[in-house]
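J.: The structure follows.
The values are calculated or read from the model by the stated rules, or taken from the named source; none is laboratory data. Just so we're clear, the structure is a prediction, and the values are computed from it rather than from any experiment. We place every Cβ from the backbone using ideal geometry, glycine too, and count neighbours over all the protein chains shown. Protein only, heavy atoms only, side chains kept; ligands, DNA and RNA dropped before computing areas. Shrake-Rupley method; radii C 1.70, N 1.55, O 1.52, S 1.80 Å.
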Amino acid sequence: MLYKLERLQRVYGDRIVLDIDFLEIAPNAIYTLIGPNGAGKTSLLKILAFLDKPSSGDLSFSGQPVRFGEKHLHTLRRRVVMLDQTPILFTGTVWKNVEFGLRIRKVPAVQRKRRVEKMLELVGMEKFRDFDSRGLSGGEVKRVALARALVLRPDVLLCDEPTANVDGENQESILHSLEQINREEKTSIIFSTHYLSQGQRLADHTLLLQHGSLSDLAGENIFRVALMPQKDDKTLCRLTEQISLLLPAERVSSCNDSAKLHIDPKLIVLDPDDKDLTHGNYLYGQIMDLAQDRGGIRIGMDAGVRLALTLSVEEYDRRQPVLGQRKLIFIPYDGVVCTSADFF
Amino acid sequence: MLLDSVQSAFLLLFSFDPELLEIVGVSLKVSFGATLIASFVGIPAGFIVAYSVFPGKRFLLTCLNTLLALPTVVIGLFVYSFISRRGIFGSFDLLYTQKAIIIGQVILIVPVIMTLTIAAVNRIDSRYRVTALTLGANRFQMALVIMKEARYGIFAAVIAAYGRVIAEVGISMMLGGNARGFTRTMTTAMALEYDKGEFVLAVALGITLMTFAFGINMLFHFFQGKTGSDAL
């Protein structure tokens, strides 16, 4: 495995921004990391890039545990490059920027020239080689920054929202470069994005981060909803003609009329003991499938919409759900994330 | 009287009076020497302080800011106690030499260069640091990147320091002794001429000093402007 994370946490003050129980990332693959703002995507990428240190837990890279001493980190950083969401170019020309990493690695001038030329061509910036970096547009800066990272032929390229704030033409160029470099150089790529469609188009694997934790079932429990404001600061989220969830208005404040809703399968309560909880929604559903899933049990339910939920083994033993059973489920407000429709 | 003095001063200036040229030469030489040494000390030290986290950093910054207001006579007195005949370094015969002035002036401007370097480095976008590291730079290479990005701010620090030493009088007088042709600087010469009631040379030196000060300020604002435009 390329990366292995176990019980890894990153804490700022008293706020846990990242809490990953277990994650393995395979080499030579493209991973996409999706999740709303503040989900911990950048924090995770920084840790994977060895630019930040986890507060606790274990991280291993290429089968070796990572020691967070400066010398060891410097060696690891030479194999992993991170592309910032809003990259910054050094003062100087485009050429000097792309050449930077090769210069500090003392790559001979002839090789440097060949590699920089090739990379500028890959990102479509060969005509800009002698341009002052300060005169470039946002999309061009991203392309040069991508070339500056890729010219180093890293084992891993980490990109934080590489297509954010970039026009369509530049987006295509960036995505094409990522695909090509993965195919030709076998570079492992992990990139975060707001767009599920973009992630699914490029990535071999999708990771969904919510509130700093990984959600196992990325792609499941995602619904396009119509929002209808109600009295008492509540908003009705209509999943289908028959199925709706009532949410506090502040949980949908960042969305427009048409939004997407993700329900965290870990937070759905099956057959709740308390039937009068007020901080969520109750639904009835029929158990359609049961499967073992990484130390837990995954249950597929038909509640008018297809819903997945996960139970711990202890919880499963206690509840003893049976296929075909009709059960009450409770979806707490905390288990629901509403985003604009163009998000996933 | 002032108009007469100014007229005579200009005549003196344009006649390239040897005494005046000598005084200006000594002033430039010691100020340049002091600024050069203080830059070698102050720029790396400022950089290290800016990029390090250590207990007492805030206290150190407070001390450095306090030292910016340190009167030149206090430094003169302090250095005098070390280099006078009975001082620890008395045997080096430094008192009333250009070296003594330089030592005092270095002490005067190291805090200036350090604090302005710290401010210049702190203004640099933190992404430069992270980008350099992720591209494989070690700590030293990362420092060079930051230095390059902060260069205008650092130049401005050096120029401000040069302006401070060329215009100071306390250290030059106390440690240099105002010896003609040797340690007489523009400011000490002006003070002496004033005492003598001879305004012509004092005014000529004053004009020269003001011209230098103006030039230095022009340079300072040029680099400050560069820093500002870079930040946009």
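J.: Evaluate the following for B:ALA156: is it away from chain A (no Cβ under 14 Å) and either over 30 Å from B:TYR96 (Cβ atoms) or of a type in the set (D, E, K, R) (or both)?
T.: So B:ALA156 passes the test.
J.: Answer with yes or no whether A:ILE47 is within 14 Å of chain B (Cβ to nearest Cβ), farther than 20 Å from B:LEU144 by Cα and among the β-branched types (Val, Ile, Thr).
T.: yes
J.: Something else about it: Only one residue in B:ARG184, B:ARG123, B:ARG129 is open to solvent by less than 40 Å² (accessible area, probe 1.4 Å), of a type in the set (Lys, Arg) and more than 16 Å from the chain's Cα centre (by Cα). Which one?
T.: Only one candidate qualifies: B:ARG184.
J.: Right, here's the next one. Kindly indicate whether any position in region A:138-153 is surrounded by fewer than 22 Cβ atoms within 10 Å (Cβ to Cβ) and on the phi > 0 side of the Ramachandran plot.
T.: Yes - at least one qualifying residue is present in region A:138-153.
J.: Taking region A:11-20 as the region of interest, how many residues are assigned to a strand (DSSP E or B) and more than 16 Å from the chain's Cα centre (by Cα)?
T.: Result for region A:11-20: 4.
J.: If only one of A:GLU121, A:GLU169, A:GLU117, A:GLU126 is within 26 Å of the chain's Cα centre (by Cα) and surrounded by fewer than 18 Cβ atoms within 10 Å (Cβ to Cβ), which one is it?
T.: None of the other options fit; the residue is A:GLU169.
J.: In addition: Which one of these is more than 14 Å from chain B (Cβ to nearest Cβ) and in contact (Cβ under 8 Å) with a residue 40 or more places away in the chain: A:LEU152, A:LEU136?
T.: None of the others qualify; the one that does is A:LEU136.
J.: For region A:29-42, give me the residue count where each residue is open to solvent by 20 Å² or more (accessible area, probe 1.4 Å) and at pLDDT 90 or above.
T.: Total satisfying the criteria: 1.
J.: Right, something else. Is there a residue in region A:49-62 that is open to solvent by 20 Å² or more (accessible area, probe 1.4 Å) and free of Cβ contacts under 8 Å to residues at least 12 places away in the same chain?
T.: Scanning region A:49-62, I find no residue that is open to solvent by 20 Å² or more (accessible area, probe 1.4 Å) and free of Cβ contacts under 8 Å to residues at least 12 places away in the same chain, so the answer is no.
J.: Could you grab the pairs with beta carbons closer than 6 Å, sequence gap of 6+ or different chains, first residue in region B:131-144 and free of Cβ contacts under 8 Å to residues at least 60 places away in the same chain and at the interface with chain A (Cβ under 8 Å from one of its Cβ atoms), second one small (Gly, Ala, Ser) and in a loop (DSSP other than H, G, I, E, B)?
T.: Every condition considered, the pairs that remain are B:THR134/A:ALA49.
J.: Ok, one more. Only one residue in A:ASP317, A:ASP334 is closer than 30 Å to A:MET228 by Cβ and not in a strand (DSSP E or B). Which one?
T.: Within the list A:ASP317, A:ASP334, the selection yields A:ASP334.
J.: Output the number of residues of region A:179-199 satisfying the condition of being modelled with pLDDT under 85, open to solvent by less than 10 Å² (accessible area, probe 1.4 Å) and closer than 17 Å to A:GLY38 by Cα.
T.: Looking only at that region, the number is 1.
J.: What are the pairs with Cβ atoms under 7 angstrom where one residue, in region A:298-311, is under 13 Å from A:HIS262 (Cα atoms) and the other, located anywhere, is hydroxyl-bearing (Ser, Thr, Tyr) and open to solvent by 10 Å² or more (accessible area, probe 1.4 Å)? Sequence gap at least six, or different chains.
T.: A:VAL305/A:THR240
J.: Identify the single condition in (1) free of Cβ contacts under 8 Å to residues at least 24 places away in the same chain; (2) facing another protein chain (nearest Cβ under 10 Å) that B:GLU149 does not satisfy, given that it satisfies every other one.
T.: For B:GLU149, the exception is condition (1).
J.: A further question follows. How about region A:55-130: which helices (runs of 4 or more DSSP H) wholly inside it have at least 2 residues that are within 14 Å of chain B (Cβ to nearest Cβ) and farther than 16 Å from B:THR134 by Cα?
T.: Result: A:109-122.
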